[in-house]
Amino acid sequence: MPWVPRTFVVCLIVLWSSSCVAAHSLGFVEIPLGDGSGGVLRGLYRDALQTPASYLAIVLPGSGCAGFGPIADQYFRGLVSGKVLILSKHFVDPWRRVPAGDCGREFITHDDLERWSEEAANSADDALARLRDRLPVILVGISEGGEMLPRIISRIPQTSALVLIGSAGLDPAKVAAMKFRYGKEHDAWTLLIAEARSKSPNKKIVQGRTLKYWRSLLTWRVSDFLQRSELPILQAWGAKDTLVPDQAYMSFARQMHDANPDSYCALRFSDADHDLQSVDADYIQEVWRELEQFAKSQNWSCGSQSATLK
């Protein structure tokens, strides 16, 4: 039995042990997912828009505390043949679009890359066990979510492809070094590194996150795993991204093109921002078209927006 959307309440009798969850949209419904340590994460799920479903997309969002619920139906409308599961961190209300600067203290003190990667893997395990089907999984990492993929992929053996959106593919510390090279931003980053290397307690909050978060980020490794991976990888970004330098994306894309030219596809949208939006275009739908094509052929087509890497 799939998760069936209803206007107000969905009773997930078979898959979710008779638990009832609120459905705030016609497509996505909220589902409880175990985090592996007795806690419950508030995930979002939508069945495929056309049957039979050909894959399950498991989505790891970015580092903020904004819930995907209010925009999920529109955002993921291009994934017509896939089921979609969106994971959420603790203390994130999936139905509220909270600005990044307004995340509550509970969220900030709990947020940590090591902890989140483990909780994300456990909640994905829980969902897969309850779904009871053997669809191939496509892992989609959005921004910080892309940095989680190397840590959870070993827990999901049916993974068939990786998708990075607004995620450079390089180790986070290297991306930051590229972004904060000059002026006041460079000075602030240098001070943060010094604080992270100090004996200050992990719980101390610096630049909106705990030192535990920053200490994990400074040692977090992504690039080597992705370059060694035998899985097909699709990477998409906007050249006008103000959070991640285009230089970082292009550097990783060239490395991947040299290492895995047959299984790597880079989509660079010249007028798009970090969220793959521009004044008059929603480029995230281009990404979903590429993913849908892959689900049919098991190959990337790398369309007209493919990055020039040489």
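The values are calculated or read from the model by the stated rules, or taken from the named source; none is laboratory data. Keep in mind it's a predicted model, so treat the numbers as computed, not measured. Neighbour counts run over all protein chains shown; Cβ positions are idealised from the backbone, glycine included.
Couple of notes before you dig in:
- Inter-residue pairs, beta-carbon under 8 Å, first under 12 Å from L85 (Cα atoms) and in segment 31-42, second loosely packed, with under 15 Cβ neighbours inside 10 Å and not small (G, A, S), 6+ apart: P32/V40; L33/V40
- Identity of the residue in segment 94-120, buried (at least 16 other Cβ atoms within 10 Å of the Cβ) and under 18 Å from E30 (Cα atoms), that ends up farthest from the chain's Cα centre (by Cα): W95
- Selection of segment 257-282 for residues being over 16 Å from the mean Cα position of the chain (by Cα) and surrounded by 22 or more Cβ atoms within 10 Å (Cβ to Cβ) yields Y264, C265, A266, L267, F269, A272.
- In segment 67-88, the residues that are farther than 13 Å from Q285 by Cα and without any contact (Cβ under 8 Å) to a residue 24 or more places away in the chain form no Cβ pair under 8 Å with any partner that is crowded, with 22+ Cβ neighbours inside 10 Å and among the small types (G, A, S), whether six or more places apart or across chains.
- A single entry from G78, G39 fulfils the requirement of being at pLDDT below 95 and under 26 Å from P150 (Cα atoms): G39.
- In the set Q235, Q247, only one residue is within 20 Å of S167 (Cβ to Cβ) and assigned to a helix (DSSP H, G or I); that residue is Q247.
- The residue that is nearest to A295 (Cα to Cα), counting only those in segment 47-60 that are in contact with an Asp or Glu (Cβ under 9 Å, 6 or more places away or on another chain) and surrounded by 24 or more Cβ atoms within 10 Å (Cβ to Cβ), is L56.
- Residue match in segment 155-171 (condition: surrounded by 14 or more Cβ atoms within 10 Å (Cβ to Cβ), in a helix (DSSP H, G or I) and among the small types (G, A, S)): no
- Restricting attention to segment 250-273, the residues that are in a loop (DSSP other than H, G, I, E, B) and farther than 17 Å from E286 by Cβ total 4.
- Among residues of segment 188-211 that are on the phi < 0 side of the Ramachandran plot, those with a Cβ under 8 angstrom from a residue that is of a type in the set (S, T, Y), sequence gap 6+ or separate chain, pair up as N202/T210; K203/T109; K203/T210; K204/T210; I205/T109; T210/T109; L211/S200.
- Pairs with Cβ under 9 Å, 6+ apart, first in segment 263-282 and farther than 12 Å from I165 by Cα, second in a loop (DSSP other than H, G, I, E, B) and β-branched (V, I, T): D271/V279
- Residues within segment 127-147 that are assigned to a helix (DSSP H, G or I) and at pLDDT 95 or above, tallied: 4
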